[in-house]
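Only one structure is covered here, and it is reproduced in the block below.
The values are calculated or read from the model by the stated rules, or taken from the named source; none is laboratory data. A quick note: this is a predicted structure, and the numbers were derived from the prediction, not measured. Here Cβ is always computed from backbone atoms with ideal geometry, including for glycine, and neighbour counts include all displayed protein chains.
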Amino acid sequence: MLDDDRSKAVLRKVSQEGNWGRSIEKGRAQGLGLHKEYKSRAAVLVELQTFKDPEKESKVTKIVVALDVNRVLNPTGLEAQVIGAATDAITYMIRTSLHLDNGAIRESSYGDFEIARMRNTPPDIEVHFMPPNGETPGGAGELVVPAAAAAIANAFARATGIAPRRFPLRDFYPEG
């Protein structure tokens, strides 16, 4: 269903580097996500561990990113931005949410949100940049956030059999 070669290339790259489809023990799974905008593409593979204990939230144990931004101008800076965007996706998908109390949003500031911390960041993160393709550089911004969010949700669905329709994922736990 992919409609362009660059999207196919980042998806192939992340699948190869992340060893997509390998056998993984029960309660763990891989998930893929892809996003394109600003003349750029991002593909993300995550490995996620889930727990039957509702006191333990799901944990991303590995992230592999393939990024095509046409030409990387600052590789070190972009790699840091990619890791930050992937961590943001962990926050949105696993840790935090908005709550309504009598029609008003309960959370009023960052102090009310459960932002991902260092302990929530996976120990294994790989970022792979695709070679320049001769076009003008594309944007990176938050390009990885939607791809990583989709990969996390897909991994959770594969690990638990539960297709989440609301977030954070910690609201869903597999039955006994």
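Counting just the residues of the stretch 72-114 that are hydroxyl-bearing (S, T, Y) and surrounded by 11 or more Cβ atoms within 10 Å (Cβ to Cβ), which one comes out modelled with the highest pLDDT? Step through it out loud before you land on a result.
Filtering the stretch 72-114 for residues hydroxyl-bearing (S, T, Y) gives 76, 87, 91-92, 96-97, 108-110.
With surrounded by 11 or more Cβ atoms within 10 Å (Cβ to Cβ) added as a condition, the list becomes 87, 91-92, 96-97.
Numbers: T87: 91, T91: 87, Y92: 86, T96: 79, S97: 75.
Within the stretch 72-114, the match that is modelled with the highest pLDDT is T87.
From I152, I125, which residue is under 18 Å from S15 (Cβ atoms), within 16 Å of the chain's Cα centre (by Cα), surrounded by fewer than 19 Cβ atoms within 10 Å (Cβ to Cβ) and among the β-branched types (V, I, T)? Walk me through it before giving the result.
Numbers: I152 fails: surrounded by fewer than 19 Cβ atoms within 10 Å (Cβ to Cβ).
Result: I125 is the single residue among I152, I125 that is under 18 Å from S15 (Cβ atoms), within 16 Å of the chain's Cα centre (by Cα), surrounded by fewer than 19 Cβ atoms within 10 Å (Cβ to Cβ) and among the β-branched types (V, I, T).
Failed condition for L100, given (1) more than 26 Å from R41 (Cα to Cα); (2) under 16 Å from the mean Cα position of the chain (by Cα), with all others met?
With respect to (1) more than 26 Å from R41 (Cα to Cα); (2) under 16 Å from the mean Cα position of the chain (by Cα), L100 is out only on (2).
For the stretch 8-33, give me the residue count where each residue is in a helix (DSSP H, G or I), surrounded by fewer than 18 Cβ atoms within 10 Å (Cβ to Cβ) and of a type in the set (G, A, S). Show your work before the answer.
Step one: of the stretch 8-33, the residues in a helix (DSSP H, G or I) are 8-17.
Filter again for surrounded by fewer than 18 Cβ atoms within 10 Å (Cβ to Cβ), leaving 8, 12, 15-17.
Checking the rest, the ones that are also of a type in the set (G, A, S) come to 15.
Qualifying residue count for the region: 1.
Within the stretch 55-106, track down each residue that is in a loop (DSSP other than H, G, I, E, B) and polar (S, T, N, Q).
Filtering the stretch 55-106 down to residues in a loop (DSSP other than H, G, I, E, B) leaves 55-58, 69-74, 96-99, 102-103, 106.
S58, N70, N74, T96, S97, N102 - these are the residues of the stretch 55-106 that are in a loop (DSSP other than H, G, I, E, B) and polar (S, T, N, Q).
Would you mind telling me which numbered condition in (1) touching a Ser or Thr at 6+ places or on another chain (Cβ under 8 Å); (2) surrounded by fewer than 17 Cβ atoms within 10 Å (Cβ to Cβ) S58 fails?
For S58, the failing item is (2).
Can you tell me which of (1) part of a loop (DSSP other than H, G, I, E, B); (2) out of contact with any Ser or Thr (no Cβ under 8 Å at 6 or more places or on another chain); (3) modelled with pLDDT under 80 is the one P164 doesn't meet?
With (1) part of a loop (DSSP other than H, G, I, E, B); (2) out of contact with any Ser or Thr (no Cβ under 8 Å at 6 or more places or on another chain); (3) modelled with pLDDT under 80 applied to P164, the lone miss is (3).
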